[in-house]
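Step one of this worksheet: look at the structure below.
Computed from the coordinates by the stated procedures, all read-outs in this text should not be read as laboratory data. Here the structure is a predicted model, which is why all the values come from computation and not from measurement. Cβ placement follows ideal geometry from the backbone for every residue including glycine, while neighbour counts extend to all protein chains displayed.
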Amino acid sequence: MYIFDPVPVESLDLAPFYQPGELGCPKVDVVWRCLGRTGRSIVRRVKSESGERAAIETTLREVAGQVQVVLSCVDRASQLAECVSAVCETARVPLVVAELSDAGGSVGPIRNSDEARESGGCISCASLYRAEGDPFLSLEREYLRRRFPLPVRRRPAVEPWLIEMLSRLALLAAFQGGDGTSSSASNQSRLWQLNSEPFEVISTAVPRHYACRQCFPAPERTSSELRRQTLREWRQNWNGPAAEPADLLELRRRSQHLIAERFAVFRSCYQESADQRRAVYRFCRDRGADPRDNLVANAFRAVVERPGRGGDRAVAFSEGSDFHDGRRAEALALMEAIERLFALDQSDPRRVVAAS
Ligand SMILES: [Zn+2]
C-alpha cells in the first residue's frame, strides 16, 4: 500500500487529525508516524520531487503501475483528483474518488475497469455536471486549476459518522474495483451520492460530459465523422445495411403536404420574422459581437404550429435551427414535429375527462 499527498499540513487541516506542531510537515510522514509496527511494514510513503504538476504526474505514474486500485480522498475540493484520474486512465488502473461536500459526500464515479475508456464519465465529468448552471462552482474550477495542487481555503462541515460511512463505501468500491467485480452489465459509470439530511445513498449514472478534456482529448471530431459513426452504429445495432440519410431540402419538399390551414397535421411552418432577427442582431451587438459576421446572429430558426385542441388557437409545436439555411431549419422543425406526434402527442380519448 502506498500513500501520497503533495500538499503539506495547512492550518485548515488542524482540527480533525493534525496537531499545530505538524504545520508544514508532509502529511504522509504524520500519518506514517501514527501507524503501528504492522502498519509501517505494509504502508510506503511516496513523495514527489516538487509540487509542480509534471513532478506529481511522474510520481503518480510510477506508483499507479504497481497497484491494483487507486483511492483518492477529496476532503477539500482540489484539482488533484482529476490529475490522478488522468494517470489512472493511462495506466488502466481503477480509481475510486471519495469526496466530502457540505451536503454529505460522494464515492465514484465507479467505472468498468476493463473498459475504462469506453465506459461512462470520469471524475472531471461528475465535477462539470455539478458546476453546470452554478457560476460559483464554475469559477471555483478555474480557481483550483490555477492553484493546483492546493485545495480550496475552506472545509465542508460534516458529522464524523458521515466520514466513517463514506470511508466504508470508498473501501467497498475500492475492493470491487480491485477485483474487477464493479463491471455491471451497462457501461455506465456510477456515482454513490451520500446525503446527510435525510440520510440516503443514491446511485446515479455519470455520462461523459462534452467539455471533459480527459474523456474527449481531441476536439477535431467533425460533423461528417459523427455522421459516419452514426451509420456504423446503426449497422451494428440493427444488423443491416444503413441507407444514406435523405438530404434535408428533399425532406422539406416531401413534407409540404403535411402543412395546410385546414385538415392537415400541421397548421404552418415558418421562419422567424425580420423583427425577431433584428432583436437577435441587437443582442449580439450589445455584447460586443459584430452581428454581420456572427454565426449565431445569422442562424435560422423555424417553428412548426399544430392546430390547437378544441378551438382555432394554433400552438407552437416544434423548432429547428440551422446556421446557414432557413429551409434546412424548416425541414428540421418538421422532422422534429413528426417525431413528437408519435412520442408526446398521443393521448387516449377515453382517458380524457372533459369538464364544462
Ligand atoms: Zn470525463
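Looking at the stretch 249-300, which GluC sites (Glu not before Pro) are DSSP coil and have at most 16 other C-beta atoms within 10 Å of their C-beta?
Qualifying residues, ordered by number: GLU261.
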Descending packing, highest mean Cβ count within 10 Å first, for 168-178, 79-89 is 79-89, 168-178
Pseudo-spin-label distance GLN68 to LEU139, built 7 Å along Cα→Cβ, given in nm, is 4.6 nm
Helix 160-178 sits off the longest principal axis of the Cα atoms of the chain, rounded to the nearest 10 on a 0 to 90 degree scale, by 80 degrees
Here the Cα Rg-to-2.2 N^0.38 Å ratio for the stretch 69-206 is 1.00
If R0 = 25 Å, then VAL296 and ALA246, at their Cβ-Cβ distance, give a FRET efficiency to the nearest 0.05 of 0.35
The set of residues whose placed amide H lies less than 5 Å from the amide H of GLU272, leaving out same-chain residues fewer than 5 positions away, is ARG301
Residue span GLU197 to TRP238: 0.36 nm per residue of separation minus Cα-Cα distance leaves a gain in nm of 10.2 nm
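Suppose R0 equals 35 Å. What FRET efficiency, 1/(1 + (r/R0)^6) with r the Cβ-Cβ distance, do ARG227 and GLU132 give to the nearest 0.05?
The value I calculate is 0.80.
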Quick P(r) readout (the chain; Cα-Cα; 10 Å bins; whole %) gives 4, 17, 23, 18, 17, 13, 6, 2, 0
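What ranking, highest mean first, results for peptides 205-214, 238-247 when packing means the other Cβ atoms within 10 Å averaged over each residue?
Values: 205-214: 15.8, 238-247: 9.5.
Top to bottom by mean Cβ count within 10 Å: 205-214, 238-247.
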Taking R0 as 41 Å and r as the Cβ-Cβ distance between PHE17 and ALA218, the FRET efficiency 1/(1 + (r/R0)^6), rounded to the nearest 0.05, comes to 0.45
Quick note on SER50, SER321, ordering by fewest other C-beta atoms within 10 Å, gives SER50, SER321
Computed over the Cα atoms of the stretch 247-351, the Rg and Dmax in Å are 16.0, 55
Phi angles of the stretch 246-260, converted by Karplus (6.51 cos²θ - 1.76 cosθ + 1.60, θ = phi - 60°) into ³J(HN,Hα) in whole Hz with x for Gly and Pro, give 5, 5, 4, 5, 5, 4, 5, 4, 5, 8, 4, 6, 7, 10, 6
Residue-normalised 222 nm signal for the chain, counting each DSSP H run of n ≥ 4 as -39,500 (n - 2.57), nearest 500 deg cm²/dmol, is -11500 deg cm²/dmol
Of the stretch 221-242, those with amide N under 14 Å from the point 7 Å along the Cα→Cβ vector of ALA205 are none
For LEU258 and VAL7, extending 7 Å from Cα along the Cα-Cβ vector and measuring point to point gives, in nm, a value of 5.4 nm
